[in-house]
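A.B. asks: Below is a structure I'd like to ask you about.
The values are calculated or read from the model by the stated rules, or taken from the named source; none is laboratory data. Values in this document were obtained by computation on a predicted structure and should not be read as measured data. Every residue, glycine as well, gets a Cβ built from its backbone with ideal geometry; the counts of neighbours run over all protein chains shown.
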Amino acid sequence: MASMTLMTYQRTIVLTGASRGIGHATVKRFSAEGWRVLTCSRQPFDPRCPWPGGEENHIQIDLASPDKTIAALEVIKAKVNGKLDALVNNAGISPKGPGGARLSTLTTDLRTWGQVFHVNFFASIVLARGLMDELSAAKGSVVNVTSIAGSRVHPFAGAAYATSKAALAALTREMAHDFGPLGVRVNAIAPGEIETAILSPGTDKIVEKLPMNRLGQPREVADAIWFLCSDQSSYISGSELQVNGAQHV
């Protein structure tokens, strides 16, 4: 009987905001599962990143620019070659005022509002719609990274950041409705206080009041993203998963 060599299908994920924190942990999580990870960030690829094939799978993209985001779609399409198993919209910015002050509705200028919404909100639907055919071909999954700041006033997250994340949660519902008939699931995760390099001074005061009395770890958020992109969540769509140690209660 002739032997047959079966080619193992390698799943592919496109991840924005991949260069640090939650994004960095997500790259490692999916790489460990054997996925091909296409990373997108404003920065060029850092050769110190430990995952294989990182440089050839990196797309430098400025999500604050609608034109550059749309132009990058062709680069991404060429790399995924017709099938995309997951798109994770993780990129997000939260500008601060002088001395790291929180930018409120009274202190955020229009240009800043626009920049934040382009990165945190508009880029997510531009990428998902632009990669709609590839996601549908793989019966893939979209995960939008929102925030606990999207549902309450946060002491550090600015007004533009918070409202963009609230809008992204609503967008997740709309996308789940529209992408569902294409065989594509769309969900969101809402992290709380996660231990990354961009924690604001005073976070320890918030942690004292958390039911679990500790910060979350980036790998714990990456595990939630992994779950929503895996077959284990095959009938979950339109959900926003709270990853915050019960902070939302």
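A.B. asks: Of all the residues that make up the range 136-172, how many are in contact (Cβ under 8 Å) with a residue 40 or more places away in the chain, closer than 30 Å to Asp109 by Cβ and within 16 Å of the chain's Cα centre (by Cα)?
C.D. replies: Residues meeting the conditions: 14.
A.B. asks: Then there is this: Would you check if there is a residue in the range 175-189 being of a type in the set (S, T, N, Q) and either within 23 Å of Arg111 (Cα to Cα) or more than 18 Å from the chain's Cα centre (by Cα) (or both)?
C.D. replies: Looking for residues that are of a type in the set (S, T, N, Q) and either within 23 Å of Arg111 (Cα to Cα) or more than 18 Å from the chain's Cα centre (by Cα) (or both), one finds none in the range 175-189, hence no.
A.B. asks: Take the range 72-129 and flag every residue that is touching a Lys or Arg at 6+ places or on another chain (Cβ under 8 Å) and more than 15 Å from Tyr161 (Cβ to Cβ).
C.D. replies: If the condition is that a residue be touching a Lys or Arg at 6+ places or on another chain (Cβ under 8 Å) and more than 15 Å from Tyr161 (Cβ to Cβ), then Asp85, Ala86 are the ones that fit.
A.B. asks: If you don't mind, there's one more thing I want to ask. Among the residues of the range 78-109, write down those that are in a loop (DSSP other than H, G, I, E, B), touching a residue at least 24 places away in the same chain (Cβ under 8 Å) and either of a type in the set (Lys, Arg) or farther than 30 Å from Asp133 by Cα (or both).
C.D. replies: Answer for the range 78-109, where residues must be in a loop (DSSP other than H, G, I, E, B), touching a residue at least 24 places away in the same chain (Cβ under 8 Å) and either of a type in the set (Lys, Arg) or farther than 30 Å from Asp133 by Cα (or both): Lys83, Ser94, Pro95, Lys96, Arg102, Leu103, Ser104, Thr105, Thr108.
A.B. asks: Then there's this: Does Glu56 count as out of contact with any strand residue (DSSP E or B) (no Cβ under 6 Å at 6 or more places or on another chain) and part of a loop (DSSP other than H, G, I, E, B)?
C.D. replies: Yes; evaluated as a whole, the condition is true for this residue.
A.B. asks: Let me ask something else about it. Mind listing just one residue for me: the one in the range 32-67 that is surrounded by fewer than 15 Cβ atoms within 10 Å (Cβ to Cβ) and polar (S, T, N, Q) and, of those, modelled with the highest pLDDT?
C.D. replies: Going through the qualifying residues, I end up with Gln60.
A.B. asks: Checking Glu74 against (1) closer than 25 Å to Gly130 by Cα; (2) modelled with pLDDT of 90 or more; (3) crowded, with 16+ Cβ neighbours inside 10 Å, which test does it fail?
C.D. replies: Answer for Glu74: the failing condition is (3).
A.B. asks: Does Leu127 satisfy the criteria of being in contact (Cβ under 8 Å) with a residue 60 or more places away in the chain, in a loop (DSSP other than H, G, I, E, B), surrounded by 16 or more Cβ atoms within 10 Å (Cβ to Cβ) and not small (Gly, Ala, Ser)?
C.D. replies: no
A.B. asks: Out of the range 160-192, which residues are within 22 Å of Ile22 (Cβ to Cβ) and small (Gly, Ala, Ser)?
C.D. replies: Of everything in the range 160-192, those that are within 22 Å of Ile22 (Cβ to Cβ) and small (Gly, Ala, Ser) turn out to be Ala160, Ala162, Ser164, Ala166, Ala167, Ala169, Ala170, Ala176, Ala188, Ala190, Gly192.
A.B. asks: When you scan the range 162-181, do you find a residue that is at pLDDT 95 or above, of a type in the set (S, T, N, Q) and in contact with a strand residue (DSSP E or B) (Cβ under 9 Å, 6 or more places away or on another chain), even just one?
C.D. replies: yes
Matching residues to (1) surrounded by 18 or more Cβ atoms within 10 Å (Cβ to Cβ); (2) in contact with a Leu (Cβ under 8 Å, 6 or more places away or on another chain); (3) not in a loop (DSSP other than H, G, I, E, B):
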residue	(1), (2), (3)
Asn144	yes, yes, yes
Phe156	yes, no, no
Ser164	yes, no, yes
Ala170	no, no, yes
Ala176	yes, no, yes
Pro181	no, no, yes
Val186	yes, no, yes
Leu210	no, no, no
Asn213	no, no, no
